[in-house]
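Novice: After the structure tokens below, expect a handful of questions from me.
The values are calculated or read from the model by the stated rules, or taken from the named source; none is laboratory data. Bear in mind the structure is a predicted one, so any value in this text is a computation, not a measurement. No Cβ is skipped: glycine too gets one built from the backbone with ideal geometry, and neighbour counts run over all protein chains shown. SASA here: full protein model, heavy atoms, side chains in, ligands and nucleic acids out. Shrake-Rupley method; radii C 1.70, N 1.55, O 1.52, S 1.80 Å.
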Amino acid sequence: MSKVYQPLGDFLDDQTSDCIALSFDQIEQIIHRNLPQSAHTYDAWWSNSPVEGRHNEAWLKRGWATADLNRKARTVKFVRSTLPTTREKPLRAKAGRRVSADGERVTVLKAAPTAAAHDIALVFEWKMLGNVNLDANGSVVFPSVTGGAGLYRLRLDGVGRSQVYVGESVNLRRRFGNYRGPGPTQQTSLRINALLKEAIAAGAIIAVDIVTEGVKLTINGVQVSVDLTDKAMRRMIEHAAIVATGGTDIEIANR
């Protein structure tokens, strides 16, 4: 196995939980270099097929396997494997410290005593609501929507490259009303209003998607009730949606 991925194996050795989700960026920080293009292009790069000398020995020989790969979101999960392993001897550590691959002495932190590990699975589906248009007076017109809580996504297609804006609100109808006629102090609504008008004037098609029901949340194997009137719950889904929507051909308008 190439020593390039040895730090990843060392990192997995230090984990106290049986599952950990990592972004590609986090993995690159762990191994101190960029992942190869094949890791971004092919699922096979992340496979658990044991072949002598392959990079995946970094996790397979430590007793781990990859799962839930999402190349678009640039995330992958590592879970402890039940397969027999040939575990490499970890680096010797003294007084809570060990030596990293680049020779630097680093502190090895212990897991927190309360709720140290979280295995979170979130499933939801966007439903198409309709398109945003301009009326005869040049004002923004949204499709009819519920006055209840939920998530919304604006997809702008046709302005050179796609743009996506993801948001949440306890009252979707009121939020769209703010975008249609923003007040002088509503900076975000003013920005979105201008963005939509400019995009439509340039010939873009703006589609609206929403999530108001059917969200499934599992934490540490236990299904949790989802209440979209809870702002913390909506914000969690909103940020997950922003990460999941990102990609090389999409510009996130939230930035």
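Novice: Can you pull out every residue in the range 225-239 that is over 21 Å from residue 164 (Cβ atoms) and open to solvent by 50 Å² or more (accessible area, probe 1.4 Å)?
Specialist: Scanning the range 225-239 gives 225, 227, 229, 230, 231, 232.
Novice: Report those helices (runs of 4 or more DSSP H) wholly inside the range 1-41 carrying at least 1 residues which are over 23 Å from residue 107 (Cβ atoms) and in contact (Cβ under 8 Å) with a residue 12 or more places away in the chain. Before you say what the answer is, go through the steps one by one.
Specialist: Details: elements: 6-13, 24-31, 37-41.
The helices (runs of 4 or more DSSP H) meeting that bar are 24-31, 37-41.
Novice: Count, please, the residues in the range 47-62 that happen to be crowded, with 19+ Cβ neighbours inside 10 Å and among the small types (Gly, Ala, Ser).
Specialist: Counting residues in the range 47-62 that are crowded, with 19+ Cβ neighbours inside 10 Å and among the small types (Gly, Ala, Ser) gives 1.
Novice: Let me ask something else. Kindly provide the set of residues from the range 42-62 that are in contact with a helix residue (DSSP H, G or I) (Cβ under 9 Å, 6 or more places away or on another chain) and touching a residue at least 40 places away in the same chain (Cβ under 8 Å), ordered by number.
Specialist: Correct list: 54, 55, 57, 58, 59, 61, 62.
Novice: What helices (runs of 4 or more DSSP H) lie completely within the range 144-249 and have 3 or more residues being modelled with pLDDT under 90 and closer than 20 Å to residue 72 by Cβ?
Specialist: 231-245
Novice: Answer with yes or no whether residue 41 is of a type in the set (Ser, Thr, Tyr) and open to solvent by 60 Å² or more (accessible area, probe 1.4 Å).
Specialist: Values: of a type in the set (Ser, Thr, Tyr): yes; open to solvent by 60 Å² or more (accessible area, probe 1.4 Å): no.
When the stated conditions are applied, residue 41 does not pass them.
Novice: While we're looking at this one, here's another question. When you go through (1) open to solvent by less than 50 Å² (accessible area, probe 1.4 Å); (2) under 21 Å from residue 231 (Cβ atoms) one by one for residue 199, which number turns out not to apply?
Specialist: (2)
Novice: So is residue 81 among the small types (Gly, Ala, Ser), surrounded by 15 or more Cβ atoms within 10 Å (Cβ to Cβ), touching a helix residue (DSSP H, G or I) at 6+ places or on another chain (Cβ under 8 Å) and at pLDDT below 90 or not? Reasoning before the result, please.
Specialist: Details: among the small types (Gly, Ala, Ser): yes; surrounded by 15 or more Cβ atoms within 10 Å (Cβ to Cβ): yes; touching a helix residue (DSSP H, G or I) at 6+ places or on another chain (Cβ under 8 Å): yes; at pLDDT below 90: yes.
Yes, satisfied.
Novice: Name the residue that is least open to solvent (accessible area, probe 1.4 Å), counting only residues in the range 1-38 that are over 21 Å from the mean Cα position of the chain (by Cα) and of a type in the set (Ser, Thr, Tyr).
Specialist: Ranking the qualifying residues of the range 1-38, first place goes to 5.
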